[in-house]
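The values are calculated or read from the model by the stated rules, or taken from the named source; none is laboratory data. As the structure is a computational prediction, the values presented were derived from the model and not from experiment. Here the Cβ positions follow ideal geometry from the backbone for every residue, glycine too, while neighbour counts run over all protein chains shown. Ligands, DNA and RNA are excluded from the accessible area calculation, which covers all protein heavy atoms including side chains. Shrake-Rupley method; radii C 1.70, N 1.55, O 1.52, S 1.80 Å.
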Amino acid sequence: MLAPVLFFLFAAVAIAASIGTLLARNPVNSALSLIVNLLAVASLYLTLNAAFIGIVQVLVYAGAIMVLFLFVIMLLNLEATPVLEAIDKRILAGYAGGTLLLGAITYLLARGLGALPTFEIAESAAATGTPRALALNLFTTYALPFELIGLLLLVATIGAVMIAKKRFV
Amino acid sequence: MDLPLYWVALIGFAIINFFLVSASVLVYYERKVSGWIQNRPGPNRVGPWGFLQPFADVAKLIFKEDISPTASSPFIHSLAPVLMVTIAMTTAALIPFARGFVIVDTEVSALLVLALTSIAVYGVTLAGWSSNSKFSLLGGLRSSAQMISYELAMGLSVLTVVLITGSLRLVDIVEYQNGPGAWGILGWNVFRAPIAALIFIVTAFAETNRAPFDLPEAEQELVGGYHTEYSGMKFGMFFLAEYVNFFVASFVIVTLFFGGYLLPWEDALLSALPGLKDSVLLGVLQVLSLLLKAAFFAFVFIWVRWTLPRFKYQQLMTLGWKMLLPIALANVVLYALFFTFKALLGWGG
């Protein structure tokens with residue numbers, strides 16, 4: 001009973017925060033909204049019993065990448081962008097209504113055609129969300145793609161170091 | 001252990017209050033210890049042996065005017081100290097205080113500790129930015145660079161413990177130190193992985209911004225660092241967060257490396273006194289054992305602060321990236337190889 005309530009709560013927070021990221025005039029506020037969004041998405045993972053993924057999301061994105069973002073924004077001391085023109089409330093309402101209508105029509109159409117995915121309730125997620133199950137999958141079934149991604153990351157890291165160097169050796 | 005929700009809430013309430021009170025005790029203790037180290041009496045005017053000094057300090061902080069700088073960002077300016085205290089207190093929920101006595105026991109609690117440590121930096125960084133002052137901004141920048149640099153080594157030393165235990169659950173990590181082949185206190189992870197323990201303790205100093213890693217608030221260069229522009233109880237919350245942070249860090253150090261709540265020679269003690277098993281007294285003894293060990297590390301935090309000078313910035317970066325990180329990485333690889341061969345060759349069952 002609690003899970004759907006939590007899901008919609010965190011989904012609403014995530015959507016609000018991502019809109020905030022787009023609309024904030026000040027880069028720091030924008031970055032902060034993005035952090036809230038990432039934390040809300042992490043909470044969504046937690047409601048799906050995928051604790052490991054959720055925590056890693058916090059650890060990697062909110063804890064490391066966004067700290068670097070914020071560091072750079074603060075280091076450059078970016079000014080807030082000026083408000084170019086006031087957004088007309090009526091146009092905004094129009095867009096919101098249009099999006100809602102489109103969503104409703106798409107939903108009805110998909111349901112009519114039987115194209116909606118069936119829901120697999122959290123039991124399977126509970127079994128696959130543990131670090132052990134995840135690691136077993138990752139290191140046996142998907143060992144090759146995993147290693148390839150590792151290689152890709154290594155190449156990207158070396159590339160970043162090379163670009164950051166003043167003179168190419 | 002499945003306690004009803006209101007019990008968890010009550011225990012949580014008790015633990016939060018315990019940490020709030022412990023902060024004021026630690027402030028007093030730090031001032032006394034620093035007095036002894038510098039050969040002066042320390043606080044001795046307010047109450048017997050100056051014991052009421054922290055209460056006087058808090059009363060002063062509460063009644064001071066709350067000043068926020070003009071052109072600061074008021075919401076974030078108020079948010080930053082709240083964030084610091086909240087995150088510091090949240091970590092306490094993960095610590096097992098005795099066998100079966102832990103508020104949050106998840107599959108990944110060791111990772112959760114790291115995640116909370118890594119988002120704790122936002123308090124300092126945002127305080128630095130929102131104050132709209134160059135001293136604060138420098139403090140915030142230093143803090144974020146420092147946290148990112150030391151998080152890696154910290155994560156790798158925790159990974160060593162996870163490799164030994166084979167679980168990310170803090171309760172399992174504690175119990176394993178009592179586990180197979182453990183003799184008395186030699187099962188503690190500090191004896192199984194001494195290098196990782198040392199690295200973790202050093203990085204814990206860096207992550208809590210305690211001297212010799214207190215560059216974000218270096219008084220001599222930055223006035224007060226990130227909390228220069230804070231006054232009254234908002235400053236008090238930073239102060240509180242600092243003490244709660246390093247006390248919680250002591251608890252985490254003890255949990256990961258020094259047997260957590262385990263009593264020294266617990267097995268021998270239990271076989272000598274079989275009536276003790278599963279009794280309330282054992283739980284109380286375990287809480288006391290954890291407290292004693294954590295208090296020792298809190299003392300170490302204070303001891304180091306008053307005996308070592310602060311690092312220079314490039315020394316901080318050299319230590320983090322060129323020494324701690326490679327050593328921690330090599331350590332993890334060594335342990336991983338050891339456990340792989342152990343599994344392949346079937347050593348020790």
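Could you please find all residues in region B:33-64 being over 22 Å from B:Gly128 (Cβ atoms) and outside any helix (DSSP H, G or I)? Even if it seems obvious, please write down each step before you answer.
Initial filter on region B:33-64 (over 22 Å from B:Gly128 (Cβ atoms)): B:33-60, B:62-63.
Once the filter is applied, which keeps residues that are over 22 Å from B:Gly128 (Cβ atoms) and outside any helix (DSSP H, G or I), region B:33-64 yields B:Gln38, B:Asn39, B:Arg40, B:Pro41, B:Gly42, B:Pro43, B:Asn44, B:Arg45, B:Val46, B:Gly47, B:Phe51, B:Leu52.
What is the number of the single condition among (1) at pLDDT 85 or above; (2) surrounded by fewer than 17 Cβ atoms within 10 Å (Cβ to Cβ); (3) not aliphatic (A, V, I, L, M) that B:Phe51 does not meet?
Exception for B:Phe51: condition (1).
Is one or more of the residues making up region B:240-252 part of a helix (DSSP H, G or I) and either more than 14 Å from the chain's Cα centre (by Cα) or farther than 20 Å from B:Phe19 by Cα (or both)? Steps first, please.
Taking region B:240-252 first, the residues part of a helix (DSSP H, G or I) are B:240-252.
Okay, now just the ones that are also either more than 14 Å from the chain's Cα centre (by Cα) or farther than 20 Å from B:Phe19 by Cα (or both), so none.
No; the residues of region B:240-252 include none that is part of a helix (DSSP H, G or I) and either more than 14 Å from the chain's Cα centre (by Cα) or farther than 20 Å from B:Phe19 by Cα (or both).
Are there any helices (runs of 4 or more DSSP H) wholly within region A:23-98 with 3 or more residues that are at pLDDT 80 or above and polar (S, T, N, Q), and if so which?
Values: elements: A:27-47, A:51-57, A:66-76.
Fully inside region A:23-98 and qualifying: A:27-47.
For B:Leu112, indicate whether it is under 18 Å from the mean Cα position of the chain (by Cα), open to solvent by 20 Å² or more (accessible area, probe 1.4 Å) and facing chain A (nearest Cβ under 9 Å). Give the derivation first.
Details: under 18 Å from the mean Cα position of the chain (by Cα): yes; open to solvent by 20 Å² or more (accessible area, probe 1.4 Å): yes; facing chain A (nearest Cβ under 9 Å): yes.
So B:Leu112 fits the description; yes.
I'd like to verify a number: residues in region B:80-109 that are within 8 Å of chain A (Cβ to nearest Cβ) and of a type in the set (S, T, N, Q), how many?
Just the residues of region B:80-109 that are within 8 Å of chain A (Cβ to nearest Cβ), to begin with: B:106-108.
Checking which are of a type in the set (S, T, N, Q) leaves us with B:106.
Selection size over region B:80-109: 1.
In this structure, does B:Gln286 turn out to be assigned to a helix (DSSP H, G or I) and surrounded by 18 or more Cβ atoms within 10 Å (Cβ to Cβ)?
On the way: assigned to a helix (DSSP H, G or I): yes; surrounded by 18 or more Cβ atoms within 10 Å (Cβ to Cβ): yes.
The answer is yes for B:Gln286.
Within the bounds of region B:2-15, is there any residue that is within 14 Å of chain A (Cβ to nearest Cβ), open to solvent by 20 Å² or more (accessible area, probe 1.4 Å) and free of Cβ contacts under 8 Å to residues at least 40 places away in the same chain?
Restricting attention to region B:2-15, the residues satisfying the condition of being within 14 Å of chain A (Cβ to nearest Cβ) are B:5.
Still in the running and open to solvent by 20 Å² or more (accessible area, probe 1.4 Å): B:5.
From what's left, free of Cβ contacts under 8 Å to residues at least 40 places away in the same chain: B:5.
So far as region B:2-15 goes, yes, one or more of its residues are within 14 Å of chain A (Cβ to nearest Cβ), open to solvent by 20 Å² or more (accessible area, probe 1.4 Å) and free of Cβ contacts under 8 Å to residues at least 40 places away in the same chain.
Would a scan of region B:131-150 turn up a residue that is in contact (Cβ under 8 Å) with a residue 24 or more places away in the chain, under 28 Å from B:Val287 (Cα atoms) and not aliphatic (A, V, I, L, M)?
Taking every residue of region B:131-150 in turn, none turns out to be in contact (Cβ under 8 Å) with a residue 24 or more places away in the chain, under 28 Å from B:Val287 (Cα atoms) and not aliphatic (A, V, I, L, M).
The rows are residues; the columns are (1) open to solvent by 60 Å² or more (accessible area, probe 1.4 Å); (2) under 19 Å from B:Leu168 (Cβ atoms); (3) within 10 Å of chain B (Cβ to nearest Cβ); (4) among the charged types (D, E, K, R).
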residue	(1), (2), (3), (4)
A:Ala17	no, no, no, no
A:Leu34	no, no, no, no
A:Asn37	no, no, no, no
A:Gly54	no, yes, yes, no
A:Gly63	no, yes, yes, no
A:Met66	no, no, yes, no
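Would you say B:Leu292 is out of contact with any Lys or Arg (no Cβ under 8 Å at 6 or more places or on another chain), open to solvent by 60 Å² or more (accessible area, probe 1.4 Å) and closer than 30 Å to B:Arg210 by Cα?
On the way: out of contact with any Lys or Arg (no Cβ under 8 Å at 6 or more places or on another chain): yes; open to solvent by 60 Å² or more (accessible area, probe 1.4 Å): yes; closer than 30 Å to B:Arg210 by Cα: yes.
In short, yes.
Okay, residues lined up against (1) within 12 Å of another protein chain (Cβ to nearest Cβ); (2) open to solvent by less than 20 Å² (accessible area, probe 1.4 Å):
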| residue | (1), (2) |
| --- | --- |
| B:Ile119 | yes, no |
| B:Leu126 | yes, yes |
| B:Gly140 | yes, yes |
| B:Leu152 | yes, no |
| B:Thr160 | no, yes |
| B:Val190 | no, no |
| B:Ile195 | no, no |
| B:Ile199 | no, yes |
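Identify all residues within region B:303-330 that are open to solvent by less than 40 Å² (accessible area, probe 1.4 Å) and over 24 Å from B:Ala145 (Cα atoms); write none if there are none.
Those that are open to solvent by less than 40 Å² (accessible area, probe 1.4 Å) and over 24 Å from B:Ala145 (Cα atoms): none in region B:303-330.
Within region B:232-268, which residues are of a type in the set (Gly, Ala, Ser) and open to solvent by 20 Å² or more (accessible area, probe 1.4 Å)? Steps first, answer last, please.
Here is the first cut: in region B:232-268, the ones of a type in the set (Gly, Ala, Ser) are B:232, B:236, B:241, B:249-250, B:259-260, B:268.
If the condition is that a residue be of a type in the set (Gly, Ala, Ser) and open to solvent by 20 Å² or more (accessible area, probe 1.4 Å), then B:Ala268 is the only one that fits.
Could you tell me which numbered condition B:Gly275 fails, if it satisfies all but one of (1) in a helix (DSSP H, G or I); (2) at pLDDT 85 or above; (3) surrounded by fewer than 17 Cβ atoms within 10 Å (Cβ to Cβ)?
Among (1) in a helix (DSSP H, G or I); (2) at pLDDT 85 or above; (3) surrounded by fewer than 17 Cβ atoms within 10 Å (Cβ to Cβ), the lone unmet condition for B:Gly275 is (2).
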